[in-house]
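Chemist: Let me give you the structure first, and then I'll get to my questions.
Read-outs: derived from the displayed coordinates by stated rules, not from any lab. The model shown is predicted, which means the values in this text are computed figures rather than measured ones. With ideal geometry, Cβ positions are generated from the backbone for all residues, glycine too; neighbour counts draw on all protein chains shown.
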Amino acid sequence: MAMNAEDRGRIGEGRMATVHGLRLGGSGIQMRFAAVWLALIALLLVGALIVPRSILPSTIIAVIPLAAFLCITAMGEAIVLMSRGIDLSIPAIIALSSTVLLGVSSGRNEDLIVALLAALLFATLIGLINGLLVAAMKLNALIVTLAIGAITQGATLWYRESLPQEARVPPLLADWGGSRVLGLNVSVWVAAILVVVLSVALRKTTYGRRFAAAGANPRAAWIAGVNVTGYQTAAFTVAGFLYGVAGIVISAFIRNPTLNVGDPYLLAPIAAAVLGGTAITGGLGSMVAVAGAALFLTHLGQMLKMLGLSTAFQFAIYGVAIALGMALAEARQLRGWFSRP
């Protein structure tokens, strides 16, 4: 069918709007994602002055697996934020994948592979349900993920009641979770591999660029022929898979996970994603910067503990980080609005 001048104009405007939504200027984007690494360096310098123990190699090696767990969950949250959503079901999905791992394996090495696949399958399925409700049915992401998280938590509690109180992961997985490669826990390498894979997928592939366009300006992307609903659904699905990976890695590390295994990952992943420069308004995000934010928040939490301060300060910091990210996003949106001709 022939395209009239008006349609061509709309598509041209859509493409330009998409570019406008994605491009803050090369130096602006670079600084946006580099800021958290500069903050991490500053934090290490401050730590060297007031808490010298916090920068000892032994301390860093002991704490860095916690940063890896946060990094994996924060990358999932960042992908959802890039699609203009938000996910509050992370703790429930982590608890579910961990419990499924325990139940299906029954602590036996023989059933480990099946248990791992089952844990990832259920986590990914919950992510897919979130995505369909938010993207296809246009429901509020905050309410949907909170509700699905509550349902998932209830189902996990019901299933966990049938398991022994002291259920443990299979010995083979426990040995893997405690092992080190080049002096670092394997969870760190899992997180590093995921950072590389997701960074390449988002920046170097057509799907990644279309996903960024769909998040930056959904209407313009739709006019240009991008399946916005499909990409938004995929964002929640991939995030669910990442939460499942986190549940497995955390369970392997602590060996006998409880129902509370996912509790620390409600606000922390959002804070890490925001501190890593992920745009709450969609489109922009860097997995490398998110990894830096996870390191920053984990090291900051360790410093607070060494200073004898309450963990309540951590939650306050998470809240400030999220509020600051939302304020900056709003400021950029207003600046873009007033700068239009």
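Chemist: Using a 10 Å cut-off around each Cβ, can you sort Phe241, Phe313 from fewest to most neighbouring Cβ atoms? Could the numbers behind the result be given before it?
Modeler: Working: Phe241 21, Phe313 14.
Taking fewest neighbouring Cβ atoms as first place, the list is Phe313, Phe241.
Chemist: Kindly put Val181, Val144, Val197, Val274 in sequence by how many other C-beta atoms sit within 10 Å of each C-beta, fewest to most. Each step should come with its number before you reach the end.
Modeler: On the way: Val181 9, Val144 23, Val197 12, Val274 27.
Exposure proxy ranking, most exposed first: Val181, Val197, Val144, Val274.
Chemist: Report, in cubic angstrom per residue, the convex hull volume of the C-alpha atoms of region 162-203. Kindly include the intermediate steps, with their values, before the conclusion.
Modeler: Numbers: hull volume 4.5 nm³, N = 42.
Spelled out: Cα convex hull of region 162-203, divided by residues, is 108 Å³.
Chemist: Could you list Tyr207, Tyr159, Tyr318 in order of exposure, starting from the residue whose Cβ has the fewest other Cβ atoms within 10 Å?
Modeler: Details: Tyr207 11, Tyr159 14, Tyr318 21.
Least crowded to most crowded, the residues run Tyr207, Tyr159, Tyr318.
Chemist: Please state, to two decimals, what the Cα-based radius of gyration of region 203-252 comes to when divided by 2.2 N^0.38 Å (N = residues). Walk me through the numbers on the way to the answer.
Modeler: Numbers: Rg = 13.8 Å, N = 50, 2.2 N^0.38 = 9.7 Å.
Compared with the compact-globule rule of thumb, region 203-252 sits at 1.42.
Chemist: Turning to a different aspect of this structure: Just the ratio, please: alpha-carbon radius of gyration of region 59-334 over 2.2 N^0.38 Å, N its number of residues. Provide the component values of the computation, followed by the final result.
Modeler: Numbers: Rg = 18.2 Å, N = 276, 2.2 N^0.38 = 18.6 Å.
Rounded to two decimals, the normalised Rg is 0.98.
Chemist: So what are the three principal axis dimensions of region 98-190 from its Cα atoms, in whole Å, longest to shortest?
Modeler: If we take the Cα atoms of region 98-190, the spans are 45, 36, 19 Å.
Chemist: Once the principal axes of the Cα atoms of region 123-169 are found, what is the range along each, listed largest first in whole angstroms?
Modeler: Cα extents, longest axis first: 41, 17, 12 Å.
Chemist: Convert 4 °C to kelvin, take the viscosity as 1.567 mPa s, use the Kirkwood radius over C-alpha pairs of region 37-126 as Rh, and evaluate the Stokes-Einstein diffusion coefficient in µm²/s, rounded to a whole number. If you can, show how the numbers build up before the last one.
Modeler: On the way: Rh = 16.0 Å.
Answer, rounded: 81 µm²/s.
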